[in-house]
Ligand SMILES: [Zn+2]
Ligand SMILES: [Zn+2]
Ligand SMILES: [Zn+2]
Ligand SMILES: [Zn+2]
């Protein structure tokens, strides 16, 4: 093993949360040693263990369900000591005020009675709720009038049989997921059902769910919190970015479950494209899905021998099995042209004005323009999925590599990392095309397009390396590690430039952001 | 569960039969108490005047904890009724978050009839019809009358 390799390994090892690192959040710690001789510019940005926050990074923190609970409790206790009321009452007050603590305190100080009444904490709140039997009672829900029926009403005096009341509450809690704002079952009565009533009436599993939902409303009510959208994930993320800042920043956060998503809109990480453009783009793709379907078809014909070729790896360098013609999957041009002029198919050359003169040609030109960007967007999307499949094959490759080359498990981790970086970069590239679609072309956009081209080229090269058969993989370890580091740095450069541009409002878009 | 629903539905049916609503006919129920056939008469001074509209009212098994489902079987030009073969309506107390178990079918039928008199374009299912209603009332009235003449016989 070379000393370079040793460097890499020890770095990787010291970073026991490998996943976090690959998510790019803690900065490039693992692979710079490989790279430093070659690229000083990159080194400037990333050499320190605790690098400065980059323009495309935002502060955030993941919170477990317990963290959420204790944060709530903290606020409840605070308000409780200020208002001199029980924590149970303050919880209700805070929820009623959607956790706007200052506002609650202010309004409470002005007139406590009214606040208490409105929050469902009227005078005799302290009396424990209980079931009652009422002579001559008939339930307005089930029409039952059997003598001796257990009944219940809150202070509003809307009385129903206990079993109907229970069924109503349980259906609200368990089926509709409501908790903090369940109203009295009587039509037109806006009284909120308090937690004591709920506890008295519902089954223990519904009560448990109710408490869980109360926790959720806390996160829903707070602007600085958002649930991780990954299925089954119970973490929330705390981030200071507000909705009105989203035209200036794309707040990608990483949950403890390792899911990367946008704090602004909850979708998958879509840097460098701002949320509003993402929304417009997705809508457009949906509206134009028929053409889009056509274009994103996974099979194409070899431009030379016209035999059908199916894409089965993430790399865009295609070789026709039949005639061995090498071409680029994206532009269908011969690959060797890309070899010298590198990657020249990322930019859409606007058609000259003569064609655009008549209206039909204009709409065709605009469709062509859209398809140009969509094609590349969809291609990276598709490639990312293929890369993901490769990811699952990576482990197999690693095991194979271990047995054929005698490398240890740790020594083959570079494959894992290459795969993770590939997927991350495809995701970024994909969104650069939506970004580019709405970008007004001016002097600023050339840098962007160059960055895009550089990243794309590097990604294709890494992707190609990655698809090599295992026996060749072992030999290309150094190359692959270098390439991985390079690709990662290119991504950082692109994101930094776009993020700074957004912040300074350097970009002009063809639509409102 | 459906036992208690049945008791309540039977009671409501008896009440409506005893005090019929103006312009609303409830057809006798054959076997299934959970499916009602209704006919609304287009109110006077509305573009639906003179029309007879057939509606289906379906009560969920969990009635009255969940709202009834109301749909037009007769084609109607109306911002709150979907212009397809379902003719569905979804507004006001027909929404499960607004429905309360103490609400009654009578209220649903009153709402439906009220909507014939005064559509609610702010809560539309058919946005283009709602726009027409708001911005070009004369044309809206004309089409609604035409449809009433052709379909609501
Ligand atoms: Zn009851
Ligand atoms: Zn009430
Ligand atoms: Zn998560
Ligand atoms: Zn977003």
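Bear in mind that the values in this text are calculations on the coordinates, not laboratory data. Everything numeric in this text was worked out from a predicted model, so none of it was measured. Glycine also receives a Cβ, built like all others from the backbone with ideal geometry; neighbour counts cover every protein chain displayed.
Other chains near B:93-103: what is the mean number of their Cβ atoms within 10 Å of each residue's Cβ?
Other-chain Cβ atoms within 10 Å of each residue's Cβ, averaged: 5.
If you line up the long axis of helix B:105-117 against the longest principal axis of chain B, both from Cα atoms, how many degrees apart are they, to the nearest 10?
So the inclination is approximately 10 degrees.
Using alpha-carbon positions, what is the distance between the centroids of segment A:105-161 and segment A:211-275, in Å?
A separation of 38 Å, based on Cα centres.
Which residue, B:82, B:102, B:46, tops the fluctuation ranking in a GNM of chain B built on C-alpha contacts under 10 Å?
B:102
To the nearest 10 degrees, how steeply does helix B:137-151 sit against the main Cα axis of chain B, on a 0 to 90 scale?
Helix B:137-151 and the main axis of chain B meet at about 60 degrees.
Which whole number in µm²/s is D for segment A:74-218 by Stokes-Einstein, with the Kirkwood Rh taken over Cα pairs at 4 °C and 1.567 mPa s? Could the numbers behind the result be given before it?
Numbers: Rh = 16.2 Å.
D = 80 µm²/s.
Can you work out D for segment A:387-494 in µm² s⁻¹ from Stokes-Einstein, where Rh is the Kirkwood radius over C-alpha pairs, the temperature is 37 °C and the viscosity is 0.692 mPa s?
Translational diffusion coefficient: 223 µm²/s.
Just tell me how shielded A:171-177 is by partners: mean number of partner chain Cβ atoms within 10 Å of each residue's Cβ, no decimals.
Other-chain Cβ atoms within 10 Å of each residue's Cβ, averaged: 2.
Which of A:497, A:287 has the fewest other C-beta atoms within 10 Å, and how do the rest follow up to the most?
Details: A:497 20, A:287 10.
Least crowded to most crowded, the residues run A:287, A:497.
Assuming R0 = 22 Å, what is the FRET efficiency of residue A:268 and residue A:389, from their Cβ-Cβ distance, to the nearest 0.05?
0.80
Each label point is 7 Å from the Cα along the Cα-to-Cβ direction; what then is the distance between the points at residue A:82 and residue A:446, in nm?
5.6
Using only atoms on other chains, find how many Cβ atoms lie within 10 Å of each Cβ of peptide A:181-189 and report the average.
3
Counting other C-beta atoms within 10 Å, which of A:97, B:27, B:65, B:34 has the fewest, and how do the rest follow? Working shown, then result.
Details: A:97 20, B:27 10, B:65 25, B:34 17.
So the residues, fewest neighbours to most, are B:27, B:34, A:97, B:65.
What value, in deg cm²/dmol to 500, does the helix sum -39500 (n - 2.57) over DSSP H runs of n ≥ 4 give at 222 nm once divided by the residues of chain B?
Details: 4 runs with 54 residues, N = 153.
Counting only the DSSP helices, I get -11500 deg cm²/dmol.
Using 7 Å Cα-to-Cβ label points, what is the residue A:369/residue A:288 separation (nm, one decimal)?
The answer from the label model is 1.0 nm.
Please identify which residues in segment A:412-427 have an amide N closer than 20 Å to a label point set 7 Å out from the Cα of residue A:399, following the Cα→Cβ vector.
A:412-420
Stick to the Cα atoms of segment B:1-47, pair each with every other, and give me the Kirkwood hydrodynamic radius in Å at one decimal.
So the Kirkwood estimate lands at 12.2 Å.
Quick one: compute the contact order of segment A:357-506, relative version, from alpha carbon pairs under 8 angstrom and 6+ residues apart, as a percent.
27
So for segment A:74-218, averaging the separation of alpha carbon pairs under 8 Å that are six or more residues apart and normalising by length, what relative contact order in percent results?
Once normalised by length, the contact order is 17 percent.
Find the centroid of the Cα atoms in segment A:440-513 and in segment B:33-66, then give the distance between the two in whole Å.
61
Between residue A:133 and residue A:59, what is the FRET efficiency for a Förster distance of 60 Å, r being their Cβ-Cβ separation, to the nearest 0.05?
Numbers: r = 58 Å, r/R0 = 0.97.
Between residue A:133 and residue A:59 the formula returns 0.55.
Which whole number of Å³ per residue matches the convex hull of the alpha-carbon atoms in segment A:388-437?
On the way: hull volume 3.0 nm³, N = 50.
Taking the convex hull of the Cα positions in segment A:388-437, it is 60 Å³ per residue.
Taking the simple approach of a point 7 Å from Cα along Cα-to-Cβ for both residue B:10 and residue A:247, what is their distance in nm?
Calculated label separation equals 6.4 nm.
Could you work out the relative contact order of chain B, using alpha carbon pairs under 8 angstrom and six or more residues apart, expressed as a whole percent? Spell out each step's value before the answer.
Details: 261 pairs, mean separation 34.0, N = 153.
Answer for chain B is 22 percent.
Please list the equivalent ellipsoid semi-axes of segment A:442-503, computed as the square roots of five times the alpha-carbon gyration tensor eigenvalues, in descending order and whole angstrom.
Numbers: eigenvalues 179, 23, 9 Å².
Equivalent-ellipsoid dimensions as semi-axes: 30, 11, 7 Å.
What Kirkwood hydrodynamic radius do you get for chain B when you take the inverse of the mean 1/r over all pairs of distinct Cα atoms, in Å?
15.9
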